[in-house]
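The values are calculated or read from the model by the stated rules, or taken from the named source; none is laboratory data. Note that the structure is a prediction, hence the values are computed from the model and not measured. Glycine also receives a Cβ, built like all others from the backbone with ideal geometry; neighbour counts cover every protein chain displayed.
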Amino acid sequence: MYASVRGNMTVGEDGCQFLAFRSELESLEQLMQQRRGAQRADSSWYIGWSNCDPRVAAMLRGLYSWPDFLPADGEGSAIDWIFMGTPGRGTAVHVSADIWR
């Protein structure tokens with residue numbers, strides 16, 4: 001589904017980001033191509049990216065409901081962040097410095 005929207009994997013030009021964390025992947029497009037092809041059993045990765053394409057946002061938001069624990073009239077961001085990876089991979093816990101003030 002994600003790859004079906006032409007031009008949506010461009011990052012950097014409009015504030016979108018691709019975060020490779022602890023992987024050798026260099027772009028979202030490389031990830032999509034890798035996932036469609038044969039995958040080595042020892043390959044592991046963890047990545048994240050911000051989706052800035054409103055066409056993709058509409059498709060993604062059609063796959064889930066607004067969480068019950070958030071106010072019904074709450075505001076969401078126009079940018080969706082997506083994080084995924086293979087088992088056992090991830091990023092270190094991080095907390096905003098503002099919480100300690």
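Structural remarks
- Hits in the stretch 1-46 (condition: at pLDDT 75 or above and over 24 Å from residue 77 (Cα atoms)): 23, 24, 25, 26, 30, 31, 32, 33, 44, 45
- Some residue of the stretch 57-65 being at pLDDT 80 or above, of a type outside the set (D, E, K, R) and more than 17 Å from residue 5 (Cα to Cα): yes
- Qualifying residue in the stretch 84-91 (condition: at pLDDT below 80, more than 23 Å from residue 25 (Cβ to Cβ), exposed (fewer than 12 other Cβ atoms within 10 Å of the Cβ) and not hydroxyl-bearing (Ser, Thr, Tyr)): no
- Among (1) surrounded by fewer than 14 Cβ atoms within 10 Å (Cβ to Cβ); (2) modelled with pLDDT of 85 or more; (3) in contact with a strand residue (DSSP E or B) (Cβ under 7 Å, 6 or more places away or on another chain), the one test that residue 49 misses: (1)
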